[in-house]
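I have placed the structure first, in the form of structure tokens, so that the comments after it can refer back to it.
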Amino acid sequence: AQSVTQLGSHVSVSEGALVLLRCNYSSSVPPYLFWYVQYPNQGLQLLLKYTSAATLVKGINDFEAEFKKSETSFHLTKPSAHMSDAAEYFCAVSDFGNEKLTFGTGTRLTIIP
Amino acid sequence: GAVVSQHPSWVICKSGTSVKIECRSLDFQATTMFWYRQFPKQSLMLMATSNEGSKATYEQGVEKDKFLINHASLTLSTLTVTSAHPEDSSFYICSARTGTGGLSEAFFGQGTRLTVV
């Protein structure tokens, strides 16, 4: 079985500061990992994904995440927060043969002006 | 990227009535679509996997007779909430993959907010 844990249901950072959203996974097989963003009353948009290629993955809007097998982590970072980054962020896991995505509980990111 | 369109974006219905939500893949064919339910400030919970031309596969604890899923074509899946009750009020989201297997990207509809009064 696969699972994802997102530490911190709510993170606040100042505009221009570093964004760090944490995600740890549990999987019995090599995982595929994803970060999605959700704006209010909208569906999810893919930010980036790890599929066993490079461990440092770059996504849209200057977000990136690093897959660390030894730490079973896939934390999301952005060097400089922008007001438009305020949203809910979900980490998700699947594996090669499984189309189902298992989502974490989400982290709400607030940007302080 | 690929577009998944969900309709309606919001609906209010009376308790005891049925509501149909449509999920369309606009520019690709989706053999498999997924239906999720999201409670306020919570994560997405997979309800069922919808397969074109066959019966949907429901997750444990999801009532098949209450949440009817029909995947009649490669671009359309529908979720019907039958005999809706206030506890069915939630945000329902569909997604479709552009291919098969875990590598294929999942695209999400904009969601449908259902309120049962």
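Among the residues of the range B:1-51, the ones that are surrounded by fewer than 14 Cβ atoms within 10 Å (Cβ to Cβ) and either within 29 Å of A:GLY8 (Cβ to Cβ) or among the polar types (S, T, N, Q) (or both) come to 8 in all. Of everything in the range A:42-54 that is assigned to a loop (DSSP other than H, G, I, E, B) and surrounded by 12 or more Cβ atoms within 10 Å (Cβ to Cβ), the residue that is farthest from the other protein chains (Cβ to nearest Cβ) is A:SER52.
Residue check: A:ALA92 meets all listed conditions (1) among the small types (Gly, Ala, Ser); (2) within 12 Å of the chain's Cα centre (by Cα); (3) at pLDDT 95 or above but one, namely (3).
The single condition among (1) surrounded by 15 or more Cβ atoms within 10 Å (Cβ to Cβ); (2) farther than 16 Å from B:ARG113 by Cα that B:SER54 does not satisfy is (1).
Within the range A:55-97, the residues that satisfy the criterion of being within 14 Å of another protein chain (Cβ to nearest Cβ), in contact (Cβ under 8 Å) with a residue 12 or more places away in the chain and surrounded by 15 or more Cβ atoms within 10 Å (Cβ to Cβ) are A:GLY59, A:ALA87, A:GLU88, A:TYR89, A:PHE90, A:CYS91, A:ALA92, A:VAL93, A:SER94, A:ASP95. Kindly provide the set of residues from the range A:29-41 that are within 9 Å of chain B (Cβ to nearest Cβ) and farther than 20 Å from B:THR112 by Cβ, ordered by number. Result: A:PRO31, A:TYR32, A:PHE34. Filtering A:VAL37, A:VAL57 for residues that are under 26 Å from B:SER5 (Cα atoms), in a strand (DSSP E or B), modelled with pLDDT of 90 or more and of a type outside the set (Ser, Thr, Tyr) leaves a single hit, A:VAL37. Scanning the range A:1-22 for residues that are closer than 18 Å to B:LEU44 by Cα and of a type in the set (Val, Ile, Thr) turns up A:VAL4, A:THR5.
Pairing residues of the range B:34-55 that are under 17 Å from B:PHE107 (Cβ atoms) with residues that are part of a loop (DSSP other than H, G, I, E, B) and among the aliphatic types (A, V, I, L, M), at Cβ distances under 7 Å and at least 6 apart in sequence or on separate chains, gives B:THR49/B:ALA56; B:SER50/B:ALA56; B:GLU52/B:LEU74. Listed by position, the strands (runs of 3 or more DSSP E) contained in the range B:16-117 that have at least 1 residues being under 25 Å from A:ALA92 (Cα atoms) and away from every other protein chain (no Cβ under 13 Å) are B:19-25, B:67-73, B:76-81.
The values are calculated or read from the model by the stated rules, or taken from the named source; none is laboratory data. Here the structure is a predicted model, which means the values were calculated and not measured. Heads up, the Cβs are rebuilt from the backbone with ideal geometry, glycines too, and the neighbour counts pull from every protein chain shown.
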